[in-house]
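Q: Sharing a structure, written as structure tokens. Questions coming.
The values are calculated or read from the model by the stated rules, or taken from the named source; none is laboratory data. Treat the numbers as computed from the prediction; the structure is a model and nothing was measured. Reconstructed Cβ throughout: ideal geometry from the backbone, glycine too, with neighbour counts over all protein chains shown. All accessible areas refer to the heavy atoms of the entire protein, side chains included, with ligands and DNA or RNA removed. Shrake-Rupley method; radii C 1.70, N 1.55, O 1.52, S 1.80 Å.
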Amino acid sequence: MAAISASAQEGIYLGGGISLWRNNDVDKTSFSITPDVGYNLSKQWAVGVELAYAHTGYDDKYDVSTNAFALAPYARYSFYENKIVRLFVDMGFGFSTFKHADSVNGFEIGLKPGLALKLNDHFSFITKVGFAGYRDDYYRDMEGNGFGVGLDMENISIGIDYEF
């Protein structure tokens with residue numbers, strides 16, 4: 001019984017990222033917290049969910065702020081792995097809500113390619129670079145809807161995963 005319990009826990013991982021950005025040109029400060037949890041089904045497949053909270057605020061002259069929340073389940077396919085590097089793609093969708101002048105609900109569906117660098121038996125450095133898919137008022141792109149591929153700095157995330 002103990003062996004089954006221990007092997008089941010080896011597949012669980014916790015991770016996420018944080019960001020902080022200050023734009024002095026328009027006196028805007030933004031930050032986000034994006035924890036995620038997942039389960040490795042096999043060497044190639046995992047499932048998980050990312051939660052997100054993001055805040056953007058302008059200094060006193062605009063007195064405007066935005067708070068956003070998101071939930072984004074995904075399936076992860078790892079297509080290359082050696083002792084240190086793992087290449088993967090997250091396939092998923094996300095739902096978000098944020099309040100600017102009005103409350104806005106949005107969603108995204110698409111692919112996010114990524115890279116994991118194994119630091120030791122439990123910790124990995126994770127980065128996701130880009131997005132290919134469709135977004136409609138999603139909190140990361142609050143400017144309407146559209147589809148395409150984005151490999152710019154706005155679509156990069158960096159974080160740490162801890163695997164049990």
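Q: What are the pairs, 6+ residues apart or on separate chains, where a residue within segment 90-104 that is within 23 Å of GLY16 (Cβ to Cβ) has its Cβ under 9 Å from a residue that is open to solvent by 90 Å² or more (accessible area, probe 1.4 Å) and assigned to a loop (DSSP other than H, G, I, E, B)?
A: GLY94/ARG140; SER96/ARG140
Q: Additional query: Report, by residue number, each residue of segment 21-34 that is open to solvent by 60 Å² or more (accessible area, probe 1.4 Å) and either in contact with a Phe, Trp or Tyr (Cβ under 9 Å, 6 or more places away or on another chain) or among the hydroxyl-bearing types (Ser, Thr, Tyr) (or both).
A: Listed by number, the residues that qualify are TRP21, PHE31, ILE33.
Q: Additional query: Applying the selection to segment 131-157, what residues are at pLDDT below 85, part of a loop (DSSP other than H, G, I, E, B) and open to solvent by less than 80 Å² (accessible area, probe 1.4 Å)?
A: Correct list: TYR139, ASP141, MET142, GLY144, ASP152.
Q: Determine whether ALA46 is under 25 Å from GLY133 (Cα atoms), surrounded by 16 or more Cβ atoms within 10 Å (Cβ to Cβ) and not charged (D, E, K, R).
A: Yes: the conditions hold for ALA46.
Q: Also: Are any residues in segment 12-54 at pLDDT 90 or above and not in a strand (DSSP E or B), and if so, which ones?
A: Residues satisfying the conditions are LEU41, SER42, LYS43, GLN44.
Q: Could you tell me which numbered condition TYR162 fails, if it satisfies all but one of (1) at pLDDT 90 or above; (2) open to solvent by 80 Å² or more (accessible area, probe 1.4 Å)?
A: (2)
Q: Would a scan of segment 77-97 turn up a residue that is surrounded by 12 or more Cβ atoms within 10 Å (Cβ to Cβ), among the aromatic types (Phe, Trp, Tyr) and at pLDDT below 95?
A: Taking every residue of segment 77-97 in turn, none turns out to be surrounded by 12 or more Cβ atoms within 10 Å (Cβ to Cβ), among the aromatic types (Phe, Trp, Tyr) and at pLDDT below 95.
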